[in-house]
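Following: one structure in structure tokens, then a few remarks.
Nothing in this text is a laboratory measurement; each read-out follows from the coordinates by a stated rule. Since the model is a prediction, treat every value here as computed from it, not as a measurement. Note that each Cβ is placed from the backbone with ideal geometry, even for glycine, and that neighbours are counted across all protein chains shown.
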């Protein structure tokens with residue numbers, strides 16, 4: 001009965017929210033102070049959730065600690081920017097030594113050389129790189145580079161793909177993303193096609209080839225749900241662009257951690273331009289874009305009388321270069337294998353929990369990145385991700401916080417090397433407890449998710 005459904009939903013929602021308020025009262029106090037100075041009480045849209053966002057005091061290893069004194073297993077890891085855990089001693093040492101030496105000089109530095117060399121040695125698509133301060137800047141400059149090099153203006157992006165918040169790519173089809181304030185002119189040369197749709201991509205490229213500078217795409221949809229490419233899809237994109245004199249940009253800011261050379265090494269598909277960030281900075285803000293030598297030489301004073309302009313006060317920030325080098329040096333083949341094995345252990349545990357609870361829901365996984373979906377079919381498109389039951393995601397997020405797990409509201413879990421196999425078992429156990437907590441609601445209102 002409809003009335004019963006409402007009662008059960010309200011009852012479970014109240015129970016979880018009341019437990020959250022009881023466990024995190026200092027976060028509420030801090031939130032109510034902060035909203036007097038920061039609209040919404042969070043300076044990043046994704047940090048806000050109801051009834052109020054949690055406030056973290058500090059992190060250490062695999063855990064974060066709240067002002068109330070609670071220890072939470074961290075499976076957000078700064079939305080993918082942290083891979084070695086909080087307070088890694090090698091990275092901390094590099095930052096401390098860097099700051100003591102002066103931090104930034106607005107000149108080329110040894111730190112830039114070491115990190116650039118390491119990236120070019122690891123990433124198949126990097127002959128040359130340039131440093132910036134965020135992923136948003138990286139994709140913006142990769143697109144600008146493609147347009148400058150080709151002399152063409154149009155760019156194709158994928159539905160559900162996330163490339164930062166600059167105007168050209170911020171207009172989005174994702175739920176609850178408001179992009180008011182973006183002038184129409186900023187997106188009139190942007191085309192959008194569904195990810196994993198071979199025919200739509202081929203038509204868009206061939207129909208627009210004479211005006212098309214590039215395709216920008218994540219090798220898999222990251223923020224869009226960890227939607228993996230269908231077999232042959234990336235190879236198809238590579239051949240299409242090569243055949244039609246169009247550049248291929250891989251945005252590997254999120255995906256880079258799955259392999260020492262990113263998804264392009266894993267799938268053996270080399271783009272013309274690449275963006276990376278997140279784990280490359282060792283937990284500090286960084287952006288990198290680069291690509292083939294002949295393309296990147298448009299920035300080179302030795303090769304052009306009118307080099308493309310690229311500046312920024314903190315580009316190549318020396319302390320960051322040292323921290324990034326420390327982080328990336330120890331993120332080697334063995335480290336990647338270890339963290340990916342943790343992801344596989346987690347995925348196996350999740351699928352077993354789904355089955356034991358009689359649930360037909362999904363978990364997409366690649367390496368240390370896992371995204372749960374309250375949806376009853378295998379997820380291969382961005383459109384399916386949008387149909388995942390948002391109410392259940394929100395309740396699961398709050399319930400896991402109550403149980404000692406700091407996670408991302410949309411069902412995304414990001415692991416770090418600081419996590420042990422025992423902590424993966426703990427994580428699966430808490431998710432299983434949460435699913436059992438939600439099961440009466442699922443049986444009443446979301447029974448399409450039952451086996």
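Brief remarks on what is shown
- DSSP-defined antiparallel bridges as percent of all bridges, segment 89-329, nearest 5: 40
- The angle between the Cα long axis of helix 421-445 and the longest principal axis of the Cα atoms of the chain comes to about 60 degrees, rounded to the nearest 10.
- Helix axis angle, 233-243 relative to the chain longest principal axis, alpha carbon, degrees: 20
- Peptides ranked, highest mean first, by Cβ atoms within 10 Å: ranges 310-319, 70-79: 70-79, 310-319
- Which label in [x] 1.34; [y] 1.27; [z] 1.00 gives the computed Cα Rg over 2.2 N^0.38 Å: [z]
- Each label was represented as a point 7 Å from its Cα along the Cα-to-Cβ direction; for residue 49 and residue 14 these points are 2.2 nm apart.
- Sorting 390-401, 419-430, 139-150 by average packing, meaning the other beta carbons within 10 Å per residue, from highest down gives 139-150, 390-401, 419-430.
- DSSP beta bridge pairing in the chain, given as percent antiparallel to the nearest 5: 60
- Helix axis angle, 89-101 relative to the chain longest principal axis, alpha carbon, degrees: 50
- 329, 27 arranged by Cβ crowding within 10 Å, fewest neighbours leading: 329, 27
- Averaging the Cα positions of each part gives two centres, and for segment 407-451 and segment 286-339 these lie 37 Å apart.
- In terms of the mean number of neighbouring beta-carbon atoms within 10 Å, the peptides 330-341, 38-49, 195-206, 361-372 order highest first as 361-372, 195-206, 330-341, 38-49.
- Structure-based [θ]222 nm, the chain - -39500 (n - 2.57) summed over DSSP H runs of at least 4, per residue, nearest 500: -13500 deg cm²/dmol
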